Each structure stands twice: as structure tokens, then as C-alpha cells.
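Undergrad: Structure in C-alpha cells, see below.
The values are calculated or read from the model by the stated rules, or taken from the named source; none is laboratory data. Here the structure is a predicted model, which is why all the values come from computation and not from measurement. When we count neighbours, we look across all protein chains shown, and the Cβ atoms used for this are built from the backbone with ideal geometry, even at glycine. Areas reflect the complete protein model, heavy atoms only, side chains present, ligands, DNA and RNA absent. Shrake-Rupley method; radii C 1.70, N 1.55, O 1.52, S 1.80 Å.
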Amino acid sequence: MAYSTRLTMVALLATLACGLTGSPTSRGALRAAALTLESATMGPAGQGSGSPLSASQFVGWRFLLTKRTAISQVGGHLGGVSGNLFAAIVSLSGASALPQGAPFTDAEVVATTVFNPSLPTNDFRVALPVVLNAGAYALVFGSGKYNAAGAGLLPNGQQTNVAPTLQASYITWRQILPGRYQWTAGSVNSVRLVVVGSEIAGAADFNFDNQINGADLAIWRANVGGPATGGSASGDADLDGDVDGADFMQWQRTAVAALAPPPVAPVPEPDASALIVAGPLLALRLRRRLR
């Protein structure tokens, strides 16, 4: 198909789309679920002891995502002793796997941030925006990397694990022999780590706000006909490297499905026995009228 013809078709699709959505957020919204994952319940704030966080000890929690998810924040029950700490989300090869690096490889670290925890301990959140595919991950806190140079602690007093978290779900990077560090599982328990986000509504949720609507269409319109430099965030629903009519069709199928009215319940046909009873009565009335 000639390039000019393809652009004409794309423009036509965009025009048709205007009839499907009155405003970016007014119609055609398909919503997905908000998500908060937590390893343990929240105990009393202001605790003075717990698992240490430093350049020589990281503490993490393994969690699973069943759907593509836009993470917005991470956190937990944590306190600072000095300086700042890092938070990292690490991709794992399975639910019971450990990070492959010492402590990490670049390929398995999908997002990091640095923050200054407060003292005394409390339930805090810090922004860590990242889109994750379904799979196994670990949220890890520590110091000595990513320009974090402080120390902190994760208390566990009066806290209980939240299913499916077990003691084996927690991982620790620590010294096991002089000069030798490695990842271990189950050496801490009942510390509270939290991941906050929302499941992405579908491939056409281009702004990752857990709904598919006119706002996603606006992203497609702004990038149609060009390369998808930002992946799905550019409007590339099928992830083929460009933004075109196929991506619009993916959005349209979802948006139109959200706009469709609920099915009308069928009117039941009259029961045969009712017709047998009603038939003679109707015939009798008809004979009387004819007289």
C-alpha cells in the first residue's frame, strides 16, 4: 500500500474515532483493578529495632504479578538511621529464584530510586513508576548502590505475614563469611514491604492509568504514522515498532466493547400448556361476539 494511501486511511480512522469518544475521558472507559501488594501487616510505628539496612545488608521480598501492571509506588514499614537508602525492583526467573548478580546484574534491575527515610519508623511510600509484565519480582531495600549511602532498619514487631507471603518469601544480601556475601532466603520474617500500582487494562492502555478511553486515543493520534519510540506509551498496541491503523483497531475493539449496552434479556415464549388453556377461551369469546 502506498504511503500516502496509508496516511489517508489513518486519517479516516482518526476521524471515525472522534465519533466514538466525545472527550478524552467521557466515554468508552474500560477500567482495570488497582493493586496493593503487601508482605506483612503494619505494626506499631516508632519501633527502634529490626532488620538492618546498609551497604552490607539488603532486605527484599519476592512477589508475583499475574498481569501487566503499572507500578506507581513502593514502600513499607521502615526507618532511617542516617543518610539515604535505595529501593530497587528486580526481575526474577521464578517465584523461588534469587537475583543472579552479586548483588544484581544490570539486566535484572528494572527500576530504582533513592529516598530519605524518616525516624522513627513509619509506613512510608516513595514514587517508583515502572511498567512490569506478568512474572516474578523482588522489591529490595539497601544502601551502597545507586548513590545511596545511609543506613536504616525494617522493624517486625507485632506484624504478621500477609498470604501468600511466607518467611521464605524474604531474601537478604548479607555477609555469610568474612569477605563473602550472598543472597539467602528466609533469614528475616514479618517485615513490611509494599508495592502499589494498577493492572493495565489492556494493550491499548497507552497511558497506564488502568482504563482504556479517549485519553489513550489522544496518545495514538499524536504519534500515528511514526515510529513507536516509547513502545506502548507511544500508542503501539501490538508492539511492532510503529503507530498505525492496527493499533487504532486494538483500541477501538476495547473502547467499543466498553460502550456496548448490556444485552437485553429475551422475552420468554408462552408455555405450551398456557396456550392449550387459553385457546378454547379465546374461541368462546369470538363466537359470542359473532352472535
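Undergrad: If you add up the charges near residue 92, with Lys and Arg at +1 and Asp and Glu at -1, over every other residue whose beta carbon is less than 12 angstrom from its beta carbon, what do you get? Please report the intermediate quantities before stating the final value.
TA: Numbers: positive: 62; negative: 108.
Taking every other residue near residue 92 into account, the sum is 0.
Undergrad: Using the Karplus equation 6.51 cos²θ - 1.76 cosθ + 1.60 (θ = phi - 60°), what ³J(HN,Hα) coupling, rounded to whole Hz, does each residue of region 62-79 give in order, writing x for Gly and Pro?
TA: Listing the rounded values in order: 8, 9, 10, 10, 8, 9, 4, 9, 9, 7, 10, 9, 10, x, x, 8, 8, x Hz.
Undergrad: Along its principal axes, what span do the Cα atoms of region 82-162 show, with the longest given first and each in whole Å?
TA: Cα extents, longest axis first: 35, 32, 24 Å.
Undergrad: Once phi is turned into ³J(HN,Hα) by the Karplus curve 6.51 cos²θ - 1.76 cosθ + 1.60 with θ = phi - 60°, what whole-Hz value does each residue of region 146-157 show in order, with x for glycine and proline?
TA: 3J(HN,Hα) across region 146-157, in whole Hz: 6, 6, 8, 9, x, 8, x, 8, 10, x, 9, x.
Undergrad: With all protein chains present, how much of the accessible area of region 98-140 (probe radius 1.4 Å) comes from carbon and sulfur, to the nearest whole percent? Please report the intermediate quantities before stating the final value.
TA: Numbers: 1030 of 2040 Å².
Carbon plus sulfur share of accessible area: 51 percent.
Undergrad: Near the amide H of residue 76, under 5 Å away, which other amide H atoms are found, from residues 5 or more places off or on another chain, if H is placed in the peptide plane?
TA: Sorted by chain and number, the residues that satisfy this are 124, 194.
Undergrad: I've got another one for you. Convert each backbone phi in region 167-178 into a coupling constant with the Karplus relation 6.51 cos²θ - 1.76 cosθ + 1.60 (shift: θ = phi - 60°), then list the ³J(HN,Hα) values in order as whole Hz, x for Gly and Pro.
TA: Working through the residues one at a time gives 4, 5, 6, 8, 10, 9, 9, 8, 7, 9, 9, x Hz.
Undergrad: Can you give me the long-range amide H partners of residue 144? Hydrogens built in the peptide plane at 1.01 Å from N, cutoff under 5 Å, separation of 5 or more residues or another chain.
TA: Excluding prolines and chain starts, which carry no amide H, the hits are 149, 150.
Undergrad: Note down the nm distance, to one decimal, between modelled labels 7 Å out along Cα→Cβ at residue 167 and at residue 127.
TA: Computed distance between label sites residue 167 and residue 127 equals 3.9 nm.
Undergrad: Which FRET efficiency, nearest 0.05, do residue 180 and residue 36 yield, Cβ-Cβ r, R0 25 Å? Present the calculation step by step, with values, prior to reporting the outcome.
TA: On the way: r = 37 Å, r/R0 = 1.48.
So, using R0 = 25 Å, E works out to roughly 0.10.
Undergrad: Which whole-number value in Å² is the accessible area per residue of region 96-203, probe 1.4 Å? Numbers along the way, then the final one.
TA: Details: 4860 Å² over 108 residues.
Heavy-atom SASA per residue in region 96-203 reads 45 Å².
Undergrad: Would you mind calculating the gained length between residue 246 and residue 222 on full extension (0.36 nm times residue separation, minus the Cα-Cα distance), in nm to one decimal? Don't skip to the answer; put the middle values down first.
TA: On the way: separation 24, 0.36 × 24 = 8.64 nm, distance 1.53 nm.
Gain in length upon complete extension: 7.1 nm.
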